[in-house]
Protein chains: 2
Amino acid sequence: MARVLTPRAEDFPRWYQDLIAKAKLADNGPVRGTMVIRPAGYAIWERMQAEMDGRIKAAGAENAYFPLFIPESYLKREAEHVEGFSPELAVVTHGGGKQLAEPVVVRPTSETVIGEFMAKWIDSYRDLPLLLNQWANVVRWELRPRIFLRTSEFLWQEGHTAHATREDARAYARRILHEAYEDLMVNVLGIPVVVGLKTARERFAGATATYTCEGMMGDGKALQLGTSHELGQNFAKAFDINYSSAEGGREHAWTTSWGTSTRMLGGLIMCHGDDNGLRVPPKLAPIQAYVMIVKDGEGPGGPAEAAQKLCDALRDAGVRVALDDRTDTAFGRRAVDAELRGYPVRVEVGPRDLAAGNAVVVRRTDGSKAPTPVADVVGAVLAALEADQRALHDQALEFRRSRTVEVSTLAEAIEASATGWARVPWSAVGVEGEAEANGQGVTVRCLVRADGSVPDSEDEPDLVAILARAY
Amino acid sequence: MARVLTPRAEDFPRWYQDLIAKAKLADNGPVRGTMVIRPAGYAIWERMQAEMDGRIKAAGAENAYFPLFIPESYLKREAEHVEGFSPELAVVTHGGGKQLAEPVVVRPTSETVIGEFMAKWIDSYRDLPLLLNQWANVVRWELRPRIFLRTSEFLWQEGHTAHATREDARAYARRILHEAYEDLMVNVLGIPVVVGLKTARERFAGATATYTCEGMMGDGKALQLGTSHELGQNFAKAFDINYSSAEGGREHAWTTSWGTSTRMLGGLIMCHGDDNGLRVPPKLAPIQAYVMIVKDGEGPGGPAEAAQKLCDALRDAGVRVALDDRTDTAFGRRAVDAELRGYPVRVEVGPRDLAAGNAVVVRRTDGSKAPTPVADVVGAVLAALEADQRALHDQALEFRRSRTVEVSTLAEAIEASATGWARVPWSAVGVEGEAEANGQGVTVRCLVRADGSVPDSEDEPDLVAILARAY
C-alpha cells in the first residue's frame, strides 16, 4: 500500500496533523486557534459524550446550562482563579452596536457564574449536595494551538457540585474521577490512564486538590485527559455559597469541579493511531463494521444484495454498521480511507469471494484479512469487536510499560523523559526539583502511592512522582 | 388549592415569568439578556434535542461543529446578511491580553463560516448534496429580552446544506420543514403549528425563501417555532461554493439553512401551560410518571415498598419514571411542585389508599384523580400517557380554531389580531398593507394556499395571509 501518512517514527507531530486532515476529522478555523470538527470527528465526539453523559447521570448529577458571557468582575472574586485565567481571556467590549458599560468575558470555565447561582439556589442542608453538569464550549486564547489538544475554543463537559462537608466533596470528586473518567477512558477509549494527584504547582487555579487521568501517547509523551478538583471553600467564600445546617448554623459549602473535553479526541488519535491512520476502539466507534461492496454486481445473489443482507444481520445483532456502495470510486482508495478512519472491522463483499460463499473480514487492529463464509460473518465480526477492544487497550498498556522506567534521582528522571515516563520518589524531586524539571520542559504529571492508589495530599510519605514531557 | 401563579387571564406575561421561576425552569443570567437553564428546563430541552436529532439524521444530515468566533469580514460578504445581523452582534476586541488585529464577532448564525468551509470541501457534483447540522450556542444582542423567547444567547441547531440544483435545495428545505420540524412540533410537542411561507419583508437576511412553523400561544399571539430557508445562490456566490458538474462545467451550488432553538421551550410553556403550571406532553416529558410516597410507612407492604415496586413495573413497561420519597416535605407542597413541573401523570401512594389496595392516578392534563387498584396502575398510566398526548394537541388546536377568524379586509384583520389570528386574502393586504399592519404591531406570520399547503412564492394567486401579534 502506498504511503498515505508521514510515518510516526519520522515525524510524530506531522503524522498527527496529516491523519486529522486525511481522515477528515477536523480543520483549522479561520480565527487563529479555533477548529472545525468535521462529521467523521464529531461522530466520535458524540459517542464520547453519550458514554460520558450516562456515567455522569449515573453518579447523580443533572445537566443544566449557564451563560457564555461572564461579567469581568466575577472572575476577579477568587484571587488565584483570576490570576490563572487572565492571560487567556477573550473579552467582548461591544454588543448591539454599542460599547458595553462593563466588558464581559467569554467563559474560560464556569466556576464563577455557577458559584453565583449556587449561592441563590442553596438555602439549607436539604439542598445539598447540588450536583450539576453542563456540556458547553469554552474559550482560552491559545498562542500555540494544536487541533484537539490546545484550541482557543473547545467543547467539554464541566461538572460543578456543592456539598455540606469536605469529606463529601472529596468523595464526589473522586467518584467522578474513577467511575466516570477512568472507567470511560480505560474501558471505552481503551486508554490505560494513570490516575493521580497533581502537585501544588500543577493544580487548577483556585483548587485545593486536583486529580488527573494521564495517558501515554505514541511518542512517549503524556496527555492530561481529564481532571477533577476539590475547590475547598474558596469559591463558596468568594460567592457566598452557604447553607443552614441541621443544627441551625450558617456554613459555607464545599465545592468541586471536573472536566473532560474534545482533547480526548487528540488522545485517542495519539494513543491508538498507526501509520495507516486512526484505530477506533469498537465500544467507542460510531461505525463498528464497515460493509464494502468491492465491485458492482446487481441482481439477486450478487455483492450488492449480499452486502445489504449482511448490514441488516449485523444491525440486528446490535452492531453499528455502515454500507459503502460507492462502486464508482476505486476500491483501493475506499479501503485506504476506511483504514484512515479506523473503522474496527471491514467486511468486503466482492464477486470472486462471494462465488466461493465468502466475504472478507478485515480487522483494523492487526490488519488481518480472513475470508469467511457469509453465514459466519456476524459471529466473526462480534468476536473481532470484543477481542480488539481488549487488544487496543493491552497494546497501549504494553507500550506504556515499555516506555516507563523506575529511577531514583531527578537527573535520571529528566533524562528518561526524553523517550517516555519516569517514576521517581517524590521525595527525590520536591518543589525545587519540580521547578528545575519544568525549566527543561519536563513536568510532574501526577503523584501516586506505591500501590497505585491516589493520595490525599502531596505530603504523604513514600509517594511516587511520574515525570514526563507532555502535550 | 392556593393560588400559585398569577392567573393567565389576569396577566399572561407575568404568568409566564412566574411559571418559569416557580417550576425552576430557568433564571436570568448576570449579563443582560442571557439565561441560565436549570435542570428541570434543560431535561426538557435534552428530550427535544434527542427527538430532533433523530429526525435530522433520518433526513441524511450529519452533525459537525464550527467555531464560535467569525472574522468580521465574513459577515460583510453577503450584503443582506450583514445588514440583517449588524445591530445584534457581540464583538470580541481583545484576546489573550492583547487587542486583536481584526475584531471577531460571536456567531449570530453560521452561514458565513460554514459557507467558507463548504467551498473548501466541495469539488465535484459527487460531493453534493452536502448535508450538515450543528448544535450550538449563538448570540444576538437583545434590547428587550424575554426568557426562552428572546435571549442574547440561545441554544439551537442550525442545518446548512449545499445542492446541485435549485429544485434539490428546495425539496430538502421543505423536507426538513415537514419531516423534522412540523412532525416534531405536532406529534411530540403537541403544538398544532401552521406551516407556510414568509413574505419578503419577514424573510431571513440573505434568503430567497423562508418557510416557517407558527404556533398559537395561550394569549392568542403567534410564536415562530422554526424556520427553513432557501438561500438561492447568494451565499454560494459570496463564498465561492462551486462544483464541477457531470457535464464538466463549473457551477455555483444552491444552499439552504434551517434552525430551531430553546425558543421551543417558551412555545411549549405558552401553548400548554395552565394556571397551575406547565403541562408537558407525554412523548416529550423527561419524567412521564411521577410516583409520590404520600406518607412514610416503612416495612413490607407499606407505601415505600409499594411505590418502589410501581416504579420498577412502570420502568419495565417503558415509562420514564421518577420516585418522590421526600416525605420530610409536606405532601401538599410536593404536589403543587409536581403540578408546576407538568409531569403528565402522578401516582400517589399513601397508607390509606394502599390499605384498600389502591394508588391514586392523577392526570395533569385534566386534573382527574382516580383511585386505581395497584395491579392496574401500569395499564392506567400507559392509557393516560397515550390519551393525554392527543388531548393536549387537540385542546391547542381547538383553541387556535376558536381564536382564528376569516376576514376579507386589512382593517378587519388588524382588529382581529387583538385577540387571535386573522386569515385574510393576501391580495387584500399586499406589501403596503403589510407595512401598515406592522405599524400597528401586527405582522404577516405566513402565507398559505387555500388548501393549507405551502406556496412556492408570494406571487401565487389566491394565497391566504395569516396576520397576528407575535412574540
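The values are calculated or read from the model by the stated rules, or taken from the named source; none is laboratory data. Please read all numbers here as calculations on a predicted model, not as lab measurements. Here Cβ is always computed from backbone atoms with ideal geometry, including for glycine, and neighbour counts include all displayed protein chains. Surface accessibility is based on the protein's heavy atoms, side chains included, excluding ligands, DNA and RNA. Shrake-Rupley method; radii C 1.70, N 1.55, O 1.52, S 1.80 Å.
Show A:296, A:459 ordered by accessible area, largest first, where the area counts protein heavy atoms only and the probe is 1.4 Å. Could the numbers behind the result be given before it?
Numbers: A:296 95, A:459 130 Å².
From most exposed to least exposed: A:459, A:296.
Tell me which aspartates and glutamates have Cα within less than 17 Å of residue B:22's Cα, excluding those fewer than 8 residues away on the same chain?
The qualifying aspartates and glutamates are A:123, A:127, B:11, B:274, B:275, B:337, B:339.
For helix B:430-439, what angle does its Cα long axis make with the longest principal axis of chain B, in degrees from 0 to 90 and rounded to 10?
That helix lies at roughly 50 degrees to the long axis.
May I ask you to find the residues of segment B:141-166 that are shielded by at least 40 Å² of accessible area once the whole protein assembly is considered instead of their isolated chain (probe 1.4 Å)?
B:141, B:153
Return the calculated 222 nm mean residue ellipticity for the protein assembly as shown, to the nearest 500 deg cm²/dmol, obtained by summing -39500 (n - 2.57) across DSSP H runs with n ≥ 4 and dividing by the residue count. Spell out each step's value before the answer.
On the way: 30 runs with 314 residues, N = 942.
When only DSSP H runs of four or more count, the value is -10000 deg cm²/dmol.
Mind jotting down the three principal axis lengths of segment B:12-272 based on Cα atoms? Whole angstrom, largest first.
Dimensions of segment B:12-272 along the principal axes of its Cα atoms: 62, 49, 32 Å.
How much accessible surface does residue B:125 have with a 1.4 Å probe, in Å² rounded to 10?
Using a 1.4 Å probe on the heavy atoms, I get roughly 90 Å².
Share of the protein assembly as shown's accessible area from carbon and sulfur, percent, 1.4 Å? Each step should come with its number before you reach the end.
On the way: 17270 of 36060 Å².
About 48 percent, which is the carbon plus sulfur part of the accessible surface.
By the scheme Lys and Arg +1, Asp and Glu -1, what is the net charge of all other residues having a beta-carbon under 10 Å from that of residue B:455?
Details: positive: B:449; negative: B:456, B:458, B:459, B:460, B:462.
Every neighbour counted, the sum reads -4.
In vacuum, with every alpha carbon of chain B counted as one equal point scatterer, what does the Debye formula give for log10 I(q)/I(0) at q = 0.09 Å⁻¹? Two decimals, please.
-0.68
If we count every other residue with Cβ under 11 angstrom of residue B:10's Cβ, Lys/Arg +1 and Asp/Glu -1, where does the sum land?
Values: positive: B:3, B:8, B:14; negative: B:11, B:18, B:275.
Residues close to residue B:10 contribute a combined charge of 0.
Roll a 1.4 Å probe over the protein heavy atoms and report the accessible area of residue A:229 in Å², nearest 10.
For residue A:229, the solvent-accessible surface is approximately 10 Å².
7 Å from Cα along Cα→Cβ at both residue B:120 and residue A:59: what's the point-to-point distance in nm?
Roughly 3.5 nm, to one decimal.
Rank B:254, B:45 by accessible area, highest first, at a 1.4 Å probe radius?
Numbers: B:254 50, B:45 5 Å².
Listed by decreasing accessible area, they come as B:254, B:45.
Too long at a 28 Å Cα-Cα cut-off: which of A:57/B:57; A:24/A:295; A:120/B:57; A:57/A:221; B:76/B:98; B:24/B:295? Show your work: numbers first, answer last.
Values: A:57/B:57 25 Å; A:24/A:295 25 Å; A:120/B:57 39 Å; A:57/A:221 32 Å; B:76/B:98 24 Å; B:24/B:295 25 Å.
The answer is A:120/B:57; A:57/A:221.
Using Cα pairs under 8 angstrom and six or more residues apart, how large is the relative contact order of segment B:12-272, in percent? Don't jump to the answer; show the numbers that get you there.
On the way: 503 pairs, mean separation 53.8, N = 261.
After rounding, I find 21 percent.
Quick one: Debye curve from the alpha-carbon atoms of segment B:257-330 only, equal weights, vacuum; give me log10 I(q)/I(0) at q = 0.18 Å⁻¹ to two decimals.
Log-scaled intensity ratios, in q order: -0.84.
Determine the residues within segment B:66-85 where the difference in accessible area between the chain on its own and the full set of protein chains amounts to at least 40 Å²; count protein heavy atoms only and use a 1.4 Å probe.
B:67, B:68, B:69
Over chain B, what relative contact order in percent results from Cα pairs under 8 Å that are six or more residues apart?
For chain B, the relative contact order is 14 percent.
Measure nothing fancy, just the Cα-based angle from helix B:12-22's long axis to the longest principal axis of chain B, in degrees from 0 to 90, nearest 10.
60
Accessible area, 1.4 Å probe, largest first: how do A:237, B:57 sort?
Most to least solvent-accessible, the answer reads A:237, B:57.
What is the magnitude of the charge dipole of segment A:12-272 about its Cα centre, with +1 placed on the Cβ of each Lys and Arg, -1 on the Cβ of each Asp and Glu, and no other charges, expressed in debye to the nearest 20?
Values: 29 positive and 31 negative charges, 160 e Å.
My answer is approximately 760 debye.
Relative to the other copies, what are the label-point distances for residue B:3, with labels 7 Å from Cα along the C-beta vector, expressed in nm at one decimal and sorted shortest first?
From this label point to the equivalent ones elsewhere in the assembly: 8.1 nm.
When only C-alpha pairs under 8 Å and at least 6 residues apart count, what is the relative contact order of segment B:289-389, in percent?
On the way: 161 pairs, mean separation 29.2, N = 101.
Taking the mean separation of contacting Cα pairs over the length of segment B:289-389, I get 29 percent.
Quick check: the angle from helix B:166-175's long axis to the longest principal axis of chain B, C-alpha only, nearest 10 degrees?
Helix B:166-175 sits at roughly 10 degrees to that axis.
Among B:420, A:392, A:410, which residue has its Cα furthest toward the positive end of the charge dipole of the protein assembly as shown, with +1 on Lys/Arg Cβ and -1 on Asp/Glu Cβ?
Of B:420, A:392, A:410, it is A:410.
Would you mind getting the accessible area per residue of the protein assembly as shown, heavy atoms of the protein chains only, 1.4 Å probe, in Å²? Walk me through the intermediate numbers first.
Numbers: 36060 Å² over 942 residues.
Heavy-atom SASA per residue in the protein assembly as shown reads 38 Å².
If one puts a single equal scatterer on every Cα of the protein assembly as shown and applies the Debye formula without solvent, what log₁₀ I(q)/I(0) results at q = 0.04, 0.06, 0.09, 0.10 Å⁻¹?
These q points yield log10 I(q)/I(0) values of -0.20, -0.47, -1.10, -1.35.
Leaving out ligands, DNA and RNA, calculate the buried accessible area for the pair A and B with a 1.4 Å probe, summed over both sides, in Å² to the nearest 100.
Working: alone 20110 and 20090 Å², together 36060 Å².
That pair hides around 4100 Å² of surface in total.
How much accessible surface area, in Å² rounded to 10, belongs to the heavy atoms of residue A:323 with a 1.4 Å probe?
60
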